[in-house]
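Single-structure report; data block below.
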């Protein structure tokens, strides 16, 4: 959900937590459109606890970063999107090592839009 309260920035809600977009460039870079924003009242907006701003998430997860949440899947961050690496052979073929993987919270991982899977 992409709520906006009266006079507030747009937020992305993930796992019941709201993360704000610091600017329209990040909003658009993540593939969202203005038509997806829902105007809500203060009560509804504040019902979601505040999480990290999306700028913090983006700065931690630069292009080329390898990330993993609590599940088994590993992702490559590329172009502001996460690409699931389909198997360990693909992972190794790129010369990556397990120590290169950044472990992030599931809510951070969910905040990154999906890209195409990485098959080779």
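The values are calculated or read from the model by the stated rules, or taken from the named source; none is laboratory data. Quick caveat, the model's predicted, so the values are computed rather than measured. Here the Cβ positions follow ideal geometry from the backbone for every residue, glycine too, while neighbour counts run over all protein chains shown.
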Practice task
Please enumerate the residues belonging to segment 5-24 that are without any contact (Cβ under 8 Å) to a residue 40 or more places away in the chain, more than 14 Å from the chain's Cα centre (by Cα) and surrounded by 16 or more Cβ atoms within 10 Å (Cβ to Cβ).
Solution key: 10
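So that you can scan it fast, the table gives a plain yes or no per residue for (1) touching a helix residue (DSSP H, G or I) at 6+ places or on another chain (Cβ under 9 Å); (2) closer than 21 Å to residue 115 by Cβ:
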residue	(1), (2)
4	yes, no
12	yes, yes
19	yes, yes
40	no, no
47	no, no
63	no, yes
78	no, yes
95	no, yes
98	yes, no
Completion exercise
Counting only residues that are part of a strand (DSSP E or B) and under 18 Å from residue 120 (Cβ atoms), segment 67-76 contains a total of 3
Problem - segment 25-61, subset closer than 30 Å to residue 99 by Cα and modelled with pLDDT of 75 or more, residue surrounded by the most Cβ atoms within 10 Å (Cβ to Cβ) - result: 51
Practice task
Would you point out the residue of segment 102-120, among those that are crowded, with 17+ Cβ neighbours inside 10 Å and more than 23 Å from residue 50 (Cα to Cα), that is modelled with the highest pLDDT?
Solution key: 118
Fill in the blank from the handout: When segment 26-52 is checked residue by residue, the ones that are more than 14 Å from the chain's Cα centre (by Cα) and in a helix (DSSP H, G or I) are 34, 35, 36, 42, 43, 44, 45, 46
Problem - Residue satisfying all of: in segment 1-25; assigned to a loop (DSSP other than H, G, I, E, B) and touching a strand residue (DSSP E or B) at 6+ places or on another chain (Cβ under 9 Å); farthest from residue 51 (Cα to Cα) among these - result: 6
Practice task
Would you confirm whether any residue within segment 91-101 is surrounded by 12 or more Cβ atoms within 10 Å (Cβ to Cβ), modelled with pLDDT under 90 and either under 12 Å from the mean Cα position of the chain (by Cα) or on the phi > 0 side of the Ramachandran plot (or both)?
Solution key: no
Completion exercise
Residues of segment 77-120 being part of a helix (DSSP H, G or I) and farther than 21 Å from residue 14 by Cβ, in sequence order, are 88, 89, 90, 91, 92, 93, 98, 99, 100
